[in-house]
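Worksheet: one structure, shown below.
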Amino acid sequence: MSPLKPGSKAPASGQYEIIGSRGSHTGTERTVTRGEPLPPTPKPGQGYVIADRTKNGAGRK
């Protein structure tokens, strides 16, 4: 899965880890709600991957 770019809409609510420009894990996470834009990263070329989805069951039948 390729990293999501800052400013793109989050496909799911949860914790998103910042990934370095070469694909390395930084250990830094941000909490983002589904549909909200991903925040800017500290350095250019970084992106996000989902680390832990929210498990609240909201919106599910």
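Among the residues of the range 44-57, what is the count of those that are part of a loop (DSSP other than H, G, I, E, B) and of a type in the set (Gly, Ala, Ser)?
Step one: list which residues in the range 44-57 are part of a loop (DSSP other than H, G, I, E, B), which gives 44-46, 54-57.
From what is left, the residues that are of a type in the set (Gly, Ala, Ser) are 45, 57.
Final tally of qualifying residues: 2.
Out of everything in the range 1-12 that is part of a loop (DSSP other than H, G, I, E, B) and in contact with a strand residue (DSSP E or B) (Cβ under 6 Å, 6 or more places away or on another chain), what residue ends up being farthest from PRO44 (Cα to Cα)? Don't jump to the end; show me each part of the working.
Just the residues of the range 1-12 that are part of a loop (DSSP other than H, G, I, E, B), to begin with: 1-3, 5-8, 10-12.
Among the residues that remain, those that are also in contact with a strand residue (DSSP E or B) (Cβ under 6 Å, 6 or more places away or on another chain) are: 3, 5, 7, 10, 12.
Values: PRO3: 13, LYS5: 10, GLY7: 13, ALA10: 19, ALA12: 23 Å.
Only one residue fits best here, namely ALA12.
Looking at (1) out of contact with any Asp or Glu (no Cβ under 7 Å at 6 or more places or on another chain); (2) part of a strand (DSSP E or B); (3) in contact (Cβ under 8 Å) with a residue 24 or more places away in the chain, can you tell me which one GLN15 breaks?
(1)
Looking only at the range 1-16, which residues are closer than 11 Å to VAL49 by Cβ and touching a Phe, Trp or Tyr at 6+ places or on another chain (Cβ under 8 Å)?
PRO3, LEU4, TYR16
Only one residue in THR31, THR26, THR41 is more than 10 Å from the chain's Cα centre (by Cα) and outside any loop (DSSP other than H, G, I, E, B), so which one is that? Show your work before the answer.
Details: THR31 fails: more than 10 Å from the chain's Cα centre (by Cα); THR41 fails: outside any loop (DSSP other than H, G, I, E, B).
So the residue among THR31, THR26, THR41 that is more than 10 Å from the chain's Cα centre (by Cα) and outside any loop (DSSP other than H, G, I, E, B) is THR26.
Rule-based calculations on the coordinates, nothing more; no lab input. Source: prediction; values computed, not measured. FYI the Cβ positions are ideal-geometry reconstructions off the backbone, even for glycines, and counts take in every protein chain you see.
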